[in-house]
Amino acid sequence: MYPSIFNDAIGPVMRGASSSHVAAAHRIGVLARDYMNGDFHSVLVEYDPNGSLEPTHESQGSDMGLFCALMGWDVTDDRMEVAEDHLKAAGKMVEIRIVDYGASHENTYKLTLTSQTDQVCMIAISTGGGMIEVIEINGVKLSLFGDYYETLIFGDCPVVTADYVLERDGLIQVKSQTPLENLPDGLVVRTMAPVLPIGARKDMCVPFTDSVEMQAYNADKGLSLWELAVKYESARGQISEETVFEKMRAIVQILDRSIEQGIKGTAYEDRMYPAHAPRFKEKMASNAFMDLNLYNNVILSVTALMDVKSSMGIIVAAPTAGSCGTLPGTCLGVANALHMDEDQKVKAMLAAGLIGVFIAAKATFSAELGGCQAETGSGSGMAAAALATLFDADLETCLGAASMALQNTFGLVCDPVANRVEAPCLGKNVSMAGNALSSANMALAGFESLIPLDEVIVAMHKVGQAIPCELRCTGKGGLAMTPTGQALYKKFNC
Ligand code: SF4
């Protein structure tokens with residue numbers, strides 16, 4: 001499956017601290033609710049103690065995302081935090097259990113919905129940046145990514161128009177781009193609509209899958225990175241190039257509003273950090289600290305986005321919610337400080353999105369699989385390409401900027417204090433923004449990146465896998481295990 005800019009790299013638009021938790025859980029909840037056609041009286045959520053969700057499902061928003069979806073609410077709904085209360089008020093029984101069911105993946109969800117006449121037990125994994133795969137339904141192994149209309153048929157399959165008709169153990173799984181119509185009466189079927197913004201199709205093709213292929217494709221075209229991003233996503237999603245551009249414009253507008261909101265100030269009780277952005281803005285105005293020129297504007301924008309995330313405001317996971325500051329804060333912080341127009345911002349974010357696609361194809365955005373280098377590190381590589389694009393750099397310079405930035409992120413661990421995506425996450429987002437700025441300027445000055453981007457991505461993934469499990473978002477190592485980290489854990493989780 002080819003990654004998509006809007007599925008994998010830039011998005012979803014969401015509330016909450018973590019895309020692997022809130023957004024992924026929400027998508028799983030939507031699919032389970034859809035399977036039951038909204039009819040259920042009890043909810044059972046099971047987390048495996050050997051995975052990374054057991055210590056983080058509450059603090060990083062897995063439960064909240066699931067319950068919000070089960071209420072039938074959007075992932076940007078401002079009632080998300082109280083979704084469980086609403087479920088209970090609606091007469092649903094809700095239970096969360098920690099059970100060793102031999103989960104094969106760090107981020108495994110097991111969700112059972114029961115009605116008077118039906119039940120679904122769905123096992124799904126969160127693969128980073130809000131992406132999911134359902135791997136089992138009612139004991140039947142299958143694979144479902146939320147990018148098709150999925151119809152499960154119990155019994156003989158009639159003739160249908162679909163991309164795939166797959167025989168599973170006891171059911172037929174049909175993947176189609178539109179809902180199946182005119183199914184015979186009496187057939188037992190369950191249907192689930194897609195949850196991803198960009199759908200899939202059979203025989204999908206894209207013009208290139210990595211930067212080497214892209215350069216070959218571009219040999220006689222002379223396109224810039226953002227133009228190649230438009231070509232890629234248009235082919236990937238079978239949508240017009242104009243649609244791709246306008247989709248990214250909508251994202252840029254959301255991000256600009258969130259930055260503005262963060263700078264004005266955010267209020268939220270359940271967080272470790274106060275709102276930092278207004279304080280930083282005040283200091284900037286009073287010249288009370290070092291004049292880092294553009295970098296201070298970037299720190300302000302990154303901090304504003306992280307403040308908004310921590311106050312359950314609307315952010316864009318780009319590539320993840322935990323790293324929602326690095327790329328957008330750097331790209332828009334620079335563009336806004338230099339009074340660049342909206343089209344320039346859109347182009348820069350598209351360029352970043354294509355770098356994200358290359359990372360998603362060969363590595364991961366999941367901190368549970370690759371540490372913080374997978375999140376803020378990837379964001380930094382994407383941001384460096386975005387910055388080079390803002391300064392009209394040619395394709396090779398943009399790729400060099402991304403390569404250099406990624407090279408500097410290897411080994412970055414994920415050790416969030418008190419299992420909250422606040423500390424050291426804010427500092428890591430800001431420092432990875434600095435890495436993007438310096439890497440972009442080095443590339444613009446003609447420095448050699450030496451190792452080509454594709455090779456850097458593969459090496460980055462290998463390093464991520466070598467990071468000990470305690471330092472991959474489990475809350476079992478690093479700052480999380482310091483005496484103060486432990487005290488904060490008790491304060492916020494007990
Ligand atoms: S340390 Fe990095 S990867 Fe871990 S939660 Fe924070 S931002 Fe995400």
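The values are calculated or read from the model by the stated rules, or taken from the named source; none is laboratory data. These figures come from a predicted structure and were not determined experimentally. Positions of Cβ are generated from backbone atoms using ideal geometry, with glycine treated the same way; all protein chains shown enter the neighbour counts. Only protein heavy atoms, including side chains, enter the accessible area calculation; ligands, DNA and RNA are left aside. Shrake-Rupley method; radii C 1.70, N 1.55, O 1.52, S 1.80 Å.
If a/c stays under 1.5 just call it rounded; otherwise compare a/b with b/c (prolate if a/b is bigger, oblate if not). Do that for the stretch 406-460, with a ≥ b ≥ c from the square roots of the Cα gyration tensor eigenvalues.
Note, shape of the stretch 406-460 comes out oblate.
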The answer for the net charge of residues other than GLN173 whose Cβ lies under 13 angstrom from its Cβ, with Lys and Arg +1 and Asp and Glu -1, is -1
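Step through the table entries LYS231/LYS347; LYS221/LYS362; LYS175/LYS202; LYS92/LYS309, compare each Cα-Cα distance with 21 Å, and write down the pairs that go over it. Don't skip to the end; give the middle numbers.
Details: LYS231/LYS347 12 Å; LYS221/LYS362 26 Å; LYS175/LYS202 9 Å; LYS92/LYS309 29 Å.
Going by Cα-Cα distance, LYS221/LYS362; LYS92/LYS309 fall outside the 21 Å limit.
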By the gyration tensor of its Cα atoms, with a ≥ b ≥ c the square roots of the eigenvalues, what is the shape of the stretch 202-283: rounded for a/c under 1.5, prolate for a/b over b/c, or oblate?
-> prolate
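Leaving ligands and nucleic acids out of the surface, order MET93, MET481, MET272 by accessible area at 1.4 Å, largest first.
Numbers: MET93 120, MET481 100, MET272 40 Å².
These residues rank, largest area first, as MET93, MET481, MET272.
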Considering the zone a paramagnetic label at ASP100 would reach in this model (a point 7 Å from Cα along the Cα-to-Cβ line), which residues of the stretch 39-71 have amide N under 14 Å from it?
-> 48-51
Would you mind checking the tilt of helix 225-237 against the longest principal axis of the Cα atoms of the chain, expressed as 0 to 90 degrees and rounded to 10?
-> 10
By how many nm would the segment from THR482 to MET1 grow when fully extended, if each residue of separation counts as 0.36 nm and the alpha-carbon distance is taken off?
-> 169.0 nm
Each label point is 7 Å from the Cα along the Cα-to-Cβ direction; what then is the distance between the points at GLN465 and GLU282, in nm?
-> 4.9
Checked the stretch 198-248 with the C-alpha gyration tensor, a ≥ b ≥ c its square-rooted eigenvalues, rounded below a/c of 1.5, otherwise prolate if a/b is larger than b/c and oblate if not; verdict oblate
If the chain between VAL140 and PHE492 were fully stretched, how many nm would it gain, using 0.36 nm times the residue separation less the Cα-Cα distance?
-> 122.8 nm
State, to one decimal in nm, how far the label point of ASN50 lies from the label point of MET204, with both points 7 Å from Cα in the Cβ direction.
-> 3.1
Only residues of the stretch 344-385 count here: report those whose backbone N is under 17 Å from the spot 7 Å along Cα→Cβ of ARG249, or say none.
-> 344-351
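How do 122-130, 367-375 rank on mean C-beta neighbours within 10 Å, highest first? Each step should come with its number before you reach the end.
Working: 122-130: 26.2, 367-375: 29.3.
Order by mean packing, descending: 367-375, 122-130.
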Name every cysteine in the chain that ends up alone, with no second cysteine's Cβ under 4.7 Å, or say none.
-> CYS68, CYS121, CYS157, CYS205, CYS324, CYS331, CYS398, CYS425, CYS469, CYS494
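With +1 on each Lys and Arg Cβ and -1 on each Asp and Glu Cβ, and nothing else charged, work out how big the dipole of the chain is about its Cα centre, in Debye to the nearest 20. It would help to have the intermediate numbers written out before the result.
On the way: 36 positive and 58 negative charges, 210 e Å.
Roughly 1000 debye for the chain.
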Could you pull out the GluC sites (Glu not before Pro) across the stretch 418-477 that fall in loop regions by DSSP (anything but H, G, I, E, B) with no more than 15 other Cβ atoms inside 10 Å?
-> GLU448
Local charge sum around LEU305 (other residues, Cβ-Cβ under 15 Å, Lys/Arg +1, Asp/Glu -1)?
-> +3
Span from the the stretch 337-390 Cα centroid across to the the stretch 97-127 one, whole angstrom = 32
If you keep only loop residues by DSSP, which GluC sites (Glu not before Pro) in the stretch 138-229 have at most 15 other Cβ atoms within 10 Å of their Cβ?
-> GLU181
Over the heavy atoms of VAL413, what accessible area does a 1.4 Å probe trace out, to the nearest 10 Å²?
-> 40
Counting pairs of alpha carbon atoms under 8 Å apart in space and at least six apart in sequence, what relative contact order in percent does the chain give?
-> 16
Inverse of mean 1/r across different Cα pairs in the chain, Kirkwood, Å = 22.8
